[in-house]
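I'd like to ask you about the structure that follows.
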Amino acid sequence: MSAADFPPIPSSIVRAFAPTGVLRASINLGNPILANRDATTGLPSGVSIDLAHALAARLGVPVELVVFDKAAQSVEAVKAERADIGFFAIDPARSDGLRFTAPYVLIEGSYLVPGASALQDNAEVDRAGARVGVGSGSAYDLFLTRELKAAHIERVFNAQAVVDALRAGTVDVAAGIRKQLATISQADASLRLLPGRFMVIQQAMGLPAGRGEEAAAALAAFVEHAKASGFVADALARHHIDGADVAP
């Protein structure tokens, strides 16, 4: 499915989406399921980028990708209106200053531990003395900050730094995207993925809260069409993404 197959967006709200005449899309490279750099060109590619281009095409404006290495930076860019749209995990801690659509993909969050760890189950992680590594400001950080009562959260720069901390022994558990952690554990026999998941991340699109009800409704409708039409599923397949499901 091409961007041309999306329903048109009323010209009266184009300025609400792109007040500079360009749709500035905030892209988080910290979540490889949604965005990566192309191995050949070095340019950002992935599901988020495809959606940004499709929305810009419907608005009839150029797109500019504003690229960050972690989710918190991407969120702040949209809240501060240095970007017009973004692609974020829905979380109550991010609701101030942002309007979210319904999710377009669902991603499992899991725990990685050293192979010799006594931990065997997700429920065992929340214990006194346990150090859980998370990317600062990530969906895992926000969720576990609310949920963990006894374990201590160690915040580091991004997902790679979380795994580095686990290998270095400065944390006991690494929290992250299940598929990403599974790939790491398959390549490193000294690490082990705990079974199941501790959360489901709801990845949605968002825009600054001040852009108005019409723009928020139009973005919500855009996402629903992207799911129902097969655009999101096709993008996941095209980018060879395993580990995310199209949201209902």
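The values are calculated or read from the model by the stated rules, or taken from the named source; none is laboratory data. All values derive from a computational prediction rather than experimental measurement. Methodologically, a virtual Cβ is constructed for each residue, glycine included, from the backbone with ideal geometry; neighbour enumeration extends over all protein chains shown.
Go through segment 30-66 and give me each residue that's of a type outside the set (D, E, K, R) and farther than 21 Å from T101 by Cβ.
Matches in segment 30-66: P32, N36, A39, T40, T41, G42, L43, S45, P62.
From (1) under 24 Å from N158 (Cβ atoms); (2) among the acidic types (D, E); (3) touching a strand residue (DSSP E or B) at 6+ places or on another chain (Cβ under 9 Å), pick out the condition that doesn't hold for E224.
Every condition holds for E224 apart from (1).
Take the conditions among the hydrophobic types (A, V, I, L, M, F, W, C), out of contact with any Pro (no Cβ under 9 Å at 6 or more places or on another chain) and not assigned by TED's automatic domain parsing to the domain that holds L43 and apply them to A165. Does it pass?
Details: among the hydrophobic types (A, V, I, L, M, F, W, C): yes; out of contact with any Pro (no Cβ under 9 Å at 6 or more places or on another chain): yes; not assigned by TED's automatic domain parsing to the domain that holds L43: yes.
In short, yes.
Additional query: Mind checking which residues of segment 134-165 are farther than 20 Å from S74 by Cβ and surrounded by 24 or more Cβ atoms within 10 Å (Cβ to Cβ)?
Listed by number, the list is empty, since nothing qualifies.
If S110 satisfies every condition in (1) among the hydroxyl-bearing types (S, T, Y); (2) without any contact (Cβ under 8 Å) to a residue 40 or more places away in the chain; (3) surrounded by 18 or more Cβ atoms within 10 Å (Cβ to Cβ) but one, which is the exception?
(2)
Of all residues in segment 82-93, which are touching a residue at least 60 places away in the same chain (Cβ under 8 Å) and within 15 Å of the chain's Cα centre (by Cα)?
Selection gives I85, G86, F87, F88, A89, I90.
Here's another thing I want to ask about it. Pick out the one residue from R192, R178, R197 that is more than 17 Å from the chain's Cα centre (by Cα) and of a type in the set (K, R).
R192
Quick check, is A175 within 24 Å of D50 (Cβ to Cβ) and buried (at least 17 other Cβ atoms within 10 Å of the Cβ)? Lay out the reasoning, then the answer.
Values: within 24 Å of D50 (Cβ to Cβ): no; buried (at least 17 other Cβ atoms within 10 Å of the Cβ): yes.
No, not satisfied.
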